[in-house]
C-alpha cells in the first residue's frame, strides 16, 4: 500500500522568480527612461531575493510532498536553507529522504482551530537520532472529495506501525 500527500517539487518557484525578475527589470527600464543597467541590476536583485529568500522560507508548505509505504516514509528534507535553495534551483536532482518505521520513536499531530473545527496541519515524526520530521497534511485538506479520510487513514496506519496507543495532539 502506498499513499502520497501534498504537492511535488517542481520548476515553478524558479520560473516564477525568473518571471518576476524580468518583469521588475523591464518595468524599471521603462520607468527610468530606458536605463538598461539599473533595469538589469534590479531585475537580477528581484530574482535573487525571490529565489533565495522568499521561496526557501515557504517551500516546505508549498512543496512538502511525502509518501508512505508499508516499510518507509519518504519526504523532502528541507531542514537547512541550503537544501531549500538547492531544491529550488535543481528540483529534478533533489531526491527524497526516507525513514523506516523502526527509526521512529513516536509521532504527534499538529492541529489548529478554525471556526469551531480542529484542522490537522502536520504530522511530526520523532526519530531515534534526535531529529524531528514535519509531514504536511494541510495541502490535502484543500483538495476536493473526502481529504479527512486520507488524514484518518495515515494516522491509523502510523499508529498501527508504531504500536502506539494514542496520538499526541499539539496546537499550532
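The values are calculated or read from the model by the stated rules, or taken from the named source; none is laboratory data. These figures come from a predicted structure and were not determined experimentally. Cβ placement follows ideal geometry from the backbone for every residue including glycine, while neighbour counts extend to all protein chains displayed.
Structure above, values below:
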{"quantity": "Residue match in segment 66-73 (condition: in a helix (DSSP H, G or I) and surrounded by 20 or more Cβ atoms within 10 Å (Cβ to Cβ))", "calculated": "no"}
{"quantity": "Evaluation of residue 17 against (1) surrounded by 15 or more Cβ atoms within 10 Å (Cβ to Cβ); (2) farther than 24 Å from residue 138 by Cβ; (3) modelled with pLDDT of 95 or more (one fails), failing number", "calculated": "(2)"}
{"quantity": "Yes/no for residue 160 being outside any loop (DSSP other than H, G, I, E, B), surrounded by 13 or more Cβ atoms within 10 Å (Cβ to Cβ) and out of contact with any helix residue (DSSP H, G or I) (no Cβ under 9 Å at 6 or more places or on another chain)", "calculated": "no"}
{"quantity": "Considering residues of segment 34-62 that are within 10 Å of residue 84 (Cβ to Cβ) and exposed (fewer than 15 other Cβ atoms within 10 Å of the Cβ) only, the residue modelled with the highest pLDDT", "calculated": "57"}
{"quantity": "So residue 131, is it in contact with a strand residue (DSSP E or B) (Cβ under 6 Å, 6 or more places away or on another chain) and assigned by TED's automatic domain parsing to the domain that holds residue 164", "calculated": "no"}
{"quantity": "Qualifying residue in segment 124-138 (condition: more than 16 Å from the chain's Cα centre (by Cα) and either crowded, with 16+ Cβ neighbours inside 10 Å or assigned to a strand (DSSP E or B) (or both))", "calculated": "yes"}
{"quantity": "Hey, residue 108 outside the structural domain of residue 25 (by TED's automatic domain parsing) and under 27 Å from residue 15 (Cβ atoms) or not", "calculated": "no"}
{"quantity": "So residue 120, is it touching a helix residue (DSSP H, G or I) at 6+ places or on another chain (Cβ under 9 Å), surrounded by 15 or more Cβ atoms within 10 Å (Cβ to Cβ) and part of a strand (DSSP E or B)", "calculated": "yes"}
{"quantity": "The listed residue being at negative phi and not in a loop (DSSP other than H, G, I, E, B), out of 94, 113", "calculated": "113"}
{"quantity": "In segment 99-114, residue surrounded by the most Cβ atoms within 10 Å (Cβ to Cβ) [restricted to those that are more than 16 Å from residue 157 (Cβ to Cβ) and free of Cβ contacts under 8 Å to residues at least 60 places away in the same chain]", "calculated": "103"}
